[in-house]
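Since the structure comes first, as structure tokens, the remarks are kept for the end.
The values are calculated or read from the model by the stated rules, or taken from the named source; none is laboratory data. The shown structure was predicted, so the numbers you read here are calculated from the model rather than taken from an experiment. Cβ atoms come from the backbone with ideal geometry, glycine included; neighbour counts cover every protein chain shown. For the accessible areas, the whole protein counts, side chains as well, though only heavy atoms, and no ligand, DNA or RNA atoms are used. Shrake-Rupley method; radii C 1.70, N 1.55, O 1.52, S 1.80 Å.
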Amino acid sequence: WECIHSEENAPPRKAKIMAEKALRRGTVDVSGFSSTDMFELNGQDLVEQLDYSKMPNAKNLMPAMKYPYGIGHIYSGKVILYNPKLVSTPPESFADTLDPKHGNKLGIIDIQYQYTMMAAGLASGGTMSNFDPGKERLLACKKAGARIYPSNEAFAQALKTEEIAVGIMWKARAKQWQDQGINVLTVAPKEGVPLYVSGFVMPKNAPNKAGAYAWLDAMMAASAQENFAVDMGYNPTVTNANVPPDVQKRIGFTPEEQKRLVDLDYAYMAKNDVAFQDWWNKVFKG
């Protein structure tokens, strides 16, 4: 079972499933991906359409996390991160955050290009289906000195050393970094809080589908989800999980903030990802 939630390692995992498409028996029973990657793999007819009747714990799964082709395991939202020592007035929006006024104290994560373009789009009058209005904003931030980091971990290190003071990231990661002693607080942006869902798919040629179903069912157990919330800071996707109140306050969203949670336009992102990467690498970073 290949069950690691990792944005950095997702491309090779996805490539592996694609490369093994022609095999009668693949080498992976279960693999973890973001909701956007799960959507893409399903579009390429690479993953099993799940039979939820084979998983007793599925009765507790939130309806929004019950994809025909995969199961949402955890979720968080894209929020604003800032160092209260270095930022006197907390930003309230993506527009406040992705602003040239921060100069080289603004950090941007390279592998988060889709979500950064999404946030900049929302900050500039765009929508979840149109990121283009945010391009000028990002270029202005880059010109003003915004720092680009190759990975989430490099961004965290820059927060720790106070090389940067503000940026955007998943709320769950902020909880992890707070646990590591990094001085960072979070704000749910006014424009909306884009959801991050990470889950699991079963390749069509999985060698042990019975075992895969057993693992997926165990993944939805309340105890497993509760421990993941405490250790990793992601919200459970089952309704019977009980997260400690102090943890829930740090990883969850208030009723008012929940109204601002917005799902992604998966078809738009899949259709335009090559164009996003091209603009990001050749224009923004170039």
Rounded to the nearest 500 deg cm²/dmol, what is the calculated helix-only ellipticity per residue at 222 nm for the chain, with -39500 (n - 2.57) per DSSP H run of length n ≥ 4? -10500 deg cm²/dmol
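Just order 14-21, 224-231 by mean Cβ neighbour count inside 10 Å, highest at the front, would you?
Put in order of decreasing packing, that is 224-231, 14-21.
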Would you list which aspartates and glutamates come within 20 Å of K142, measuring only between C-alpha atoms, while excluding same-chain residues fewer than 8 positions from it? D96, D99, D110, D132, E162, E163, D278
Output wanted: per-residue J couplings in Hz (rounded whole) for segment 224-240, from phi through Karplus 6.51 cos²θ - 1.76 cosθ + 1.60, θ = phi - 60°, x for Gly and Pro. 5, 5, 4, 5, 5, 5, 5, 6, 10, x, 9, 6, x, 10, 10, 7, 9
Just the number, please: carbon plus sulfur as a percent of the accessible area of segment 172-261, 1.4 Å probe, no ligands or DNA/RNA counted. 53
Could you tally the net charge around T186, taking each other residue with its Cβ under 13 Å from the Cβ of T186, Lys/Arg +1 and Asp/Glu -1? +4
For segment 231-245 and segment 163-219, what is the centre-to-centre distance using only Cα atoms, to the nearest Å? 12
Considering only V79, V274, V243, give the residue with the highest GNM mean-square fluctuation for the chain, with springs between Cα atoms whenever their separation is below 10 Å. V274
Residue of D110, D51, D99 that the Gaussian network model of the chain assigns the largest fluctuation, springs spanning Cα pairs under 10 Å: D51
Take the Cα pairs of segment 103-168, get the Kirkwood Rh, then feed it into Stokes-Einstein at 25 °C and 0.890 mPa s and tell me D in µm²/s. 205
With all distinct Cα pairs included, what does the Kirkwood hydrodynamic radius of segment 177-231 come out to in Å, to one decimal, could you say? 14.9
Does segment 195-286 classify as rounded, prolate or oblate by the C-alpha gyration tensor (a ≥ b ≥ c root eigenvalues; a/c under 1.5 gives rounded; else a/b over b/c gives prolate, otherwise oblate)? oblate
Points 7 angstrom from Cα along the Cβ direction at E153 and K54: gap in nanometres? 3.5
Read phi for every residue in segment 14-25 and hand back ³J(HN,Hα) as whole Hz from Karplus 6.51 cos²θ - 1.76 cosθ + 1.60, θ = phi - 60°, with x for Gly and Pro. 5, 4, 5, 5, 5, 5, 8, 3, 7, 6, 5, 10
To the nearest Å², the heavy-atom accessible area per residue of segment 38-127 with 1.4 Å probe amounts to 38
For Rg and Dmax of the Cα atoms in Å, several values are listed as (i) 19.1, 59; (ii) 20.0, 72; (iii) 24.0, 84; flag the one computed from this structure. (i)
Among residues other than V79 whose Cβ falls under 13 Å from its Cβ, what is the net charge (Lys/Arg +1, Asp/Glu -1)? +3
Calculated P(r) tail over 21 Å for segment 1-138, as whole % of Cα pairs: 57
Karplus-derived 3J(HN,Hα), 6.51/-1.76/1.60, for each residue of segment 188-205, Hz, glycine and proline x: 7, x, 5, 5, x, 10, x, 6, 10, 10, 10, x, 10, 10, 10, x, 4, 9
Below 20 Å Cα-Cα, how many Lys pairs turn up in segment 1-110? Only count pairs eight or more apart in sequence, or on different chains, if you could. 4
The chain, Gaussian network, Cα under 10 Å: of P244, P207, P84, the residue fluctuating most is P244
